[in-house]
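Novice: Okay, handing you the structure first.
The values are calculated or read from the model by the stated rules, or taken from the named source; none is laboratory data. What you are looking at is a predicted structure, and each value in this text was computed from that prediction instead of being measured. As a convention, Cβ positions derive from the backbone with ideal geometry for all residues, glycine included, and neighbour counts pool all protein chains shown. The accessibility values were calculated without ligands, DNA or RNA, using every heavy atom of the protein model including side chains. Shrake-Rupley method; radii C 1.70, N 1.55, O 1.52, S 1.80 Å.
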Amino acid sequence: MVDSRRLDLLDPAEVARLGGIEIVAQGVVEGFLAGIHRSPFRGFSVEFTEHRAYQPGDELRYLDWKILARADRLFVKQFEEETNLRAMILLDASRSMAWRGDPARLTKRGYADRLVAALALILLRQRDATGLMTFDEAVRQVIPARVKAGQWTRLVRGLIDTPDGLGTAAEAALRQLAGLLARRGLVVLVSDLLLDRELALTALRYLRHRGHQVIVLHVMDPAELDLAGPPEVRFRDPESAASVVVRPRELAGAYAATVRREIAGWRTACRRHGVAYHHIRTDMPFGMALRLLA
Amino acid sequence: MTFLHPLALLGLAAAALPALLHLLERRTPPEAEFPPLRYLRDAERQSARRLRLRHLLLLILRTALVAVIVLAAARPIVPTGRGGGGGRSGAVHAPTALAVVLDNSLSAGAVVDGRPVLDRLKALARASLAQATAGDRLWLVLADGVARAGSREALLASADGATATPQRLEVVPAVERAARLVAAEPLPAREVHVLSDLQRTALGTGTVDVPDVALLVLAPPERVPANRGVAAARAGEGGLGLTIAVSGTPGAGAAPLVARLHAPGNGPAGGRAREVGRTLAAPGQSVTLPLPPLAPGWWMGEVWLDADELRGDDRRLFVVRVAPPASVAADAGVGPFVAAALAVLRVAKRVTTGGGVSIGERLGAAHSVVLPPGDPALLGQVNRALSARGVRWHFGAPGPPGTIASADLAMVRGVQVNRRYRLEGTEGDSGVVATVSGEPWLVRDGGVVLVGSRLDTTWTALPAAPGFVPFVDALANRIARGEALVAEAVGVPRVQFVTRGADTVGATVFGPDPRESDLTPGTPDELHRSFPGARVLDEAGLAAERFAGARRADVSGLLLGFALLLAAIELAVASMSR
């Protein structure tokens, strides 16, 4: 069983050592929901369909007070249209995601897997149909959005079964996703965004045009923000095998400025197209990352 | 610019180290994965120009830093011009050929202002030599005139050990030689330091004018002590009297002097001396003291002056030769003048009648004084007899008239000779006692003395000269016996006897050069005439001008400071973008 502490606020690497993705995600979600006392993602239907047992984090306004008065049990009401939210999570499984700047940290992919699992669990607990698409140079795995029992397990299995890929081609995945999502829904892109920004933005813009709510989670290792290393080093791109010899100490300032500029560029571009953008570091507690989405 | 340690410049090769290290360091950098390579490239592209400039600047700074440190290690020296602390210890100068002329002649022993002049001169010589560096070429010239080449330490020891000697330093020739020595050295600078009391008598008439040699002359002292010295003390032939000459600084008053005699066999160091005379004498005066009747033998004595500032010339030794009267036989051919002189000498008991020494136209049995025969036809007979006796001299053809010159016989110097025969020898000039016109006139070989002229007024003016009787005395008592005149030489006061078998046949009396007693320095005009291009300086001036022409500043300190500045700039540039 997971630790009784608030796993969502602990160091991600430390949390990851507690167990597999499922265990960690459940622990994170439990902590997260206990912290905010309400469901983060609320459906927009008003037709009541059934009751379900109250879970910490559910909004009190959906509590059925009559049942509470009669049976002294906590049930919340669920509505017909609540399952109309169809969330599709796109996970970048390219080779660059399998990198970490410090062995004590999670790789970007490791962090993203756990974050995606937690996010999916939250969505599914809200009865939101949730699906997963992993991609690198091409779409590797697609798990359509469902709300039925066992969906979360399938999603987690999908995460686990997706190996680290090669290059990154997000626009193809995004365009394929647009074809899969017949109805408006939520699209969450989890990536290190080491891809062609213009092409990716074009695809995101297309999704937005189709009426989808789009969230971009930009995952970065802290070592990608500040350049460090030996006096002189040949850095090699794991995806393209291109390399460059640099003196980190000389280039640190310019590099940090470039990274800041790149993040700002993504944020600005996303805002311009109505896309929510969140920058997430792999040393950020999962709860804080999830809170960004709430 | 020159370098004290030029070999260190080989280290300039190390200036290539930064570039080499840079290249070596670039050769095998470690490799690492780094996904956001595109950001890196963007950053590099944007700062490439700045980085290139920075790298270039760092390379230049590091290369310059190494080069500057190497230059500093090579101890560069640059000209700084004259003045400004030249006398300071450890001053740097370009390699210099330096000759120090240290006048340690007798006069330098004078005490002025409570301190011997020589001590002052030695201190200045030491200062000059002490400032020399390994690149200098050094000589030290003392009163003996010898230019000693050597290391600084060796010459310092020589200068420190110099004492006042009886020798006289002829300053101008010594400085001339020193100047020519340094002028021959292929060094950037050449100096001669003349440290002397610059006695007028030591300057002479010469001139030192050697181009490209800086001549620094210590100015003579302003105060000149009144000094007197015994210039000479000579006993007359047969010990008839003691003539004493006094020299010294002009104007010095008369001082008491006393003459003492030691018994034969007892030198000044042993035995009691007998005072034989006492008088007053001033510089330039000559006095004669009568000597008491002395038994035959070699007597030694000394003349003392009252002590003054220069003690070295207050005493002079003398030797008196009292020979037993020679027994002389003169034949009829010698003429009336010789017969008369011998008569006088017999009365004075300087000679006796006998066959010890024969004077005449023929060879005697023992010692003979042979005069040319009045009849030229007999000349061949005489020559054959001389040859038969083994005498290496004989009478030759008649020679031209002239005057007599002799170091041994002062009484006949300058006397006119009208007629004479040339005296011709088979073994050079050995045995020549007097000459006329440079040709032997009086010679001695073995026990035979040949005179080139008959002792007659038609042949020579000698019989009419005052020195004739002493001349005959010397002929009979000394020259015919083969005894030498008491000689005089410059040296540490002592007497050196010349012996032949068990007999003493001569003596040399050593003493200081009498010219050393006159301490009067040369006037500025005389100094200028002797040393036309020289700078005459007092002690302070000498200290300031020493090595002035070659003075250099050691800029290694400045270079090290510059290196520190470069290092600071390098550090700042290197950490600018860290």
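Novice: How large is the charge dipole for the protein assembly as shown, taken about the Cα centre, if only the Cβ atoms of Lys, Arg (+1) and Asp, Glu (-1) carry charge, to the nearest 20 debye?
Specialist: Dipole of the protein assembly as shown, to the nearest 20 debye: 2740 debye.
Novice: Rounded to the nearest 10 Å², what accessible area does B:His22 show when all protein chains are kept and the probe is 1.4 Å?
Specialist: Approximately 60 Å² of B:His22 is accessible to the 1.4 Å probe.
Novice: Here is a further query. Between A:Ala129 and residues 5 or more places away or on another chain, which pairs have amide H atoms under 5 Å apart, with H built 1.01 Å from N, and which residues are they?
Specialist: A:Leu85, A:Ala87
Novice: Probe radius 1.4 Å, ligands and nucleic acids ignored: give me the carbon and sulfur share of the accessible area of chain A as a rounded percent.
Specialist: C and S fraction of accessible area: 51 percent.
Novice: Find which of B:Pro30, B:Leu280, B:Val344 sits farthest along the positive direction of the dipole of the protein assembly as shown, computed with +1 on the beta-carbon of Lys and Arg, -1 on that of Asp and Glu, about the Cα centre.
Specialist: Going by the Cα projections, it comes out as B:Pro30.
Novice: Per residue of segment B:197-214, what does 6.51 cos²θ - 1.76 cosθ + 1.60 with θ = phi - 60° give for ³J(HN,Hα)? Whole Hz please, x for Gly and Pro, Karplus curve as stated.
Specialist: For segment B:197-214, the Karplus-derived couplings read 7, 6, 4, 4, 5, 8, 7, x, 10, x, 9, 9, 9, 10, x, 6, 10, 7 Hz, x marking Gly and Pro.
Novice: 5 Å is the cut-off here: which amide hydrogens, built 1.01 Å from N in the peptide plane, fall below it relative to B:Phe531, excluding neighbours closer than 5 in sequence?
Specialist: B:Val208
Novice: For chain A, modelled as a Gaussian network with Cα springs under 10 Å, which listed residue fluctuates most, A:Ala112, A:Ala276, A:Ala25?
Specialist: For chain A, modelled as a Gaussian network with Cα springs under 10 Å, the answer is A:Ala276.
Novice: Next question, about the same structure. Rounded to the nearest 5, what % of DSSP beta bridges with both residues in the protein assembly as shown are antiparallel?
Specialist: 60
Novice: Arrange the peptides B:44-52, B:408-416 so that the one whose residues have, on average, the most other Cβ atoms within 10 Å appears first.
Specialist: Values: B:44-52: 14.1, B:408-416: 17.9.
For the peptides B:44-52, B:408-416, the packing ranking is B:408-416, B:44-52.
Novice: Hey, another quick one. So which lysines pass the test for A:Lys77, namely a Cα distance under 22 Å, with those fewer than 8 places away in the same chain ruled out?
Specialist: Qualifying lysines at Cα under 22 Å: A:Lys66, A:Lys148.
Novice: Put +1 on the Cβ of every Lys and Arg and -1 on every Asp and Glu Cβ in chain B; which of B:Ser247, B:Trp441, B:Trp459 then has its Cα farthest towards the positive end of the dipole?
Specialist: B:Ser247
Novice: For B:Lys122, B:Lys349, A:Lys148, A:Lys77, write out the residues from largest to smallest accessible area, computed with a 1.4 angstrom probe and no ligands counted.
Specialist: My answer, sorted largest first, is B:Lys349, A:Lys148, A:Lys77, B:Lys122.
Novice: Would you jot down the residues in segment A:211-258 that end up with at least 40 Å² less accessible area in the complete protein assembly than in the chain alone, with a 1.4 Å probe?
Specialist: Those residues are A:Glu232, A:Arg234, A:Phe235, A:Arg236, A:Val244, A:Arg247, A:Arg249, A:Glu250, A:Leu251, A:Tyr255, A:Thr258.
Novice: Specify the residue with the greatest mean-square fluctuation among A:Arg183, A:Arg205, A:Arg236, computed from a Gaussian network of chain A linking alpha-carbon atoms under 10 Å apart.
Specialist: With Cα springs under 10 Å in chain A, the top fluctuation among A:Arg183, A:Arg205, A:Arg236 is at A:Arg236.
Novice: In Å², nearest 100, what accessible area do chains B and A bury in total when the solvent probe is 1.4 Å?
Specialist: When B and A are taken together, about 3000 Å² of accessible area is lost.
Novice: Choose one answer from A:Ala169, A:Ala13, A:Ala257: the residue with the largest mean-square fluctuation in a GNM of chain A with alpha-carbon springs under 10 Å.
Specialist: Of A:Ala169, A:Ala13, A:Ala257, the most mobile in the Gaussian network model is A:Ala257.
Novice: Computing the accessible area with a 1.4 Å probe over protein heavy atoms, can you report the carbon and sulfur percentage for segment B:419-485?
Specialist: Using a 1.4 Å probe with all protein chains present, segment B:419-485 comes out at 52 percent carbon and sulfur.
Novice: A further question on this structure: Just the number please: accessible area per residue for chain B, 1.4 Å probe, all protein chains included, in Å².
Specialist: Value for chain B: 44 Å² per residue.
Novice: Considering only protein heavy atoms, what is the solvent-accessible area of A:Trp152 at a probe of 1.4 Å, reported in Å² to the nearest 10?
Specialist: Looks like 30 Å² after rounding.
Novice: Here's another thing I want to ask about it. Would you be so kind as to identify which of B:Ile479, A:Leu63, A:Ile122 lies farthest towards the positive end of the dipole of the protein assembly as shown, taking Lys and Arg as +1 and Asp and Glu as -1 on Cβ and the Cα centre as origin?
Specialist: A:Leu63
Novice: Hey, got the dipole for chain B? About the Cα centre, +1 on K and R Cβ, -1 on D and E Cβ, debye to the nearest 20?
Specialist: The dipole of chain B has a size of about 1240 debye.
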